[in-house]
Structures are given as C-alpha cells and as structure tokens.
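Comments concern the structure below.
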Amino acid sequence: MFNDLSRFYNFRKAPPGHYLVAGTSEVPILGYGDVILPVDRPGGKGRLRLKDVAFCTDFSTNLVSFRMLKKRGYHWNTRTNCIVREDD
C-alpha cells in the first residue's frame, strides 16, 4: 500500500467499495497500480517491482507485505535493510 500517487504506473481507479481495514476503521482504496522500489542487494543496488499496489492517501506511511515477498521468493533482511531472492 502506497500513499504517493507519483510513485505509481499502470494506475487504474478502484471499483466503488474497495477499502482496507485498519483497526476499527475502513480506509478507502482510491486505485491500484505498480510501484518500483529502489533496494539494496548484496551485489549493489537493485529495483523491486510491486504489482497491484493499493493507493490510499489516508495512511502516513507505505506498507510492503513480508508474507507476499516471501511467497515470491524474496527475503528482506531488516537488520541490514537488504533484500535477496532465495535463489541468489
């Protein structure tokens, strides 16, 4: 989930009624698209493309799912802030 529309490409508006649940609040999703993140890798800089990211302006931070990264074969080392593929 990202809160900055300028980071999106392939952006499309969300259908009516799409929202995220945060605590007891429903936060509207305004659209979906792809976002490219710069990442550090053991061999240097890289890019990570996130697909079908929700666009919500009501969050003060951006969120990336560790579960979805792992499902795609990535490991994000939060101590070194480095991301690697399991097959690297």
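The values are calculated or read from the model by the stated rules, or taken from the named source; none is laboratory data. Remember, it's a predicted structure, so these values are computed and weren't measured experimentally. Cβ sites come from the backbone with ideal geometry, for glycine too, and all protein chains shown count toward neighbours. When the accessible area is computed, the model is the full protein with side chains, heavy atoms only, and any ligands, DNA or RNA have been set aside. Shrake-Rupley method; radii C 1.70, N 1.55, O 1.52, S 1.80 Å.
Among the residues of region 1-23, the one identified as open to solvent by 50 Å² or more (accessible area, probe 1.4 Å), within 27 Å of Asn81 (Cβ to Cβ) and in a loop (DSSP other than H, G, I, E, B) is Asp4. Residues of region 59-81 include none that is in contact with a His (Cβ under 9 Å, 6 or more places away or on another chain), under 19 Å from His18 (Cα atoms), surrounded by 15 or more Cβ atoms within 10 Å (Cβ to Cβ) and not charged (D, E, K, R).
Check off (1) surrounded by 12 or more Cβ atoms within 10 Å (Cβ to Cβ); (2) more than 11 Å from Phe2 (Cα to Cα); (3) not small (Gly, Ala, Ser) for Leu50 and give me the number that stays unchecked. Only one criterion in (1) surrounded by 12 or more Cβ atoms within 10 Å (Cβ to Cβ); (2) more than 11 Å from Phe2 (Cα to Cα); (3) not small (Gly, Ala, Ser) is unmet by Leu50, namely (2). Pairing residues of region 1-21 that are within 16 Å of Val64 (Cα to Cα) and of a type in the set (Val, Ile, Thr) with residues that are modelled with pLDDT under 95 and assigned to a strand (DSSP E or B), at Cβ distances under 9 Å and at least 6 apart in sequence or on separate chains, gives Val21/Val27. Taken residue by residue, region 24-42 has at least one member that is assigned to a loop (DSSP other than H, G, I, E, B), in contact (Cβ under 8 Å) with a residue 40 or more places away in the chain, open to solvent by 90 Å² or more (accessible area, probe 1.4 Å) and in contact with an Asp or Glu (Cβ under 9 Å, 6 or more places away or on another chain).
When Ser60 is tested against the conditions (1) part of a strand (DSSP E or B); (2) in contact (Cβ under 8 Å) with a residue 40 or more places away in the chain, the lone failure is (1). Within region 73-88, residues that are under 14 Å from Leu48 (Cα atoms) reach partners that are open to solvent by less than 90 Å² (accessible area, probe 1.4 Å) and outside any strand (DSSP E or B) with beta carbons closer than 6 Å, at six or more positions or on different chains, in the pairs Trp76/Leu69; Arg85/Gly73. Counting just the residues of region 64-88 that are at pLDDT below 80 and of a type in the set (A, V, I, L, M), which one comes out nearest to Val35 (Cα to Cα)? The qualifying residue nearest to Val35 (Cα to Cα) is Ile83.
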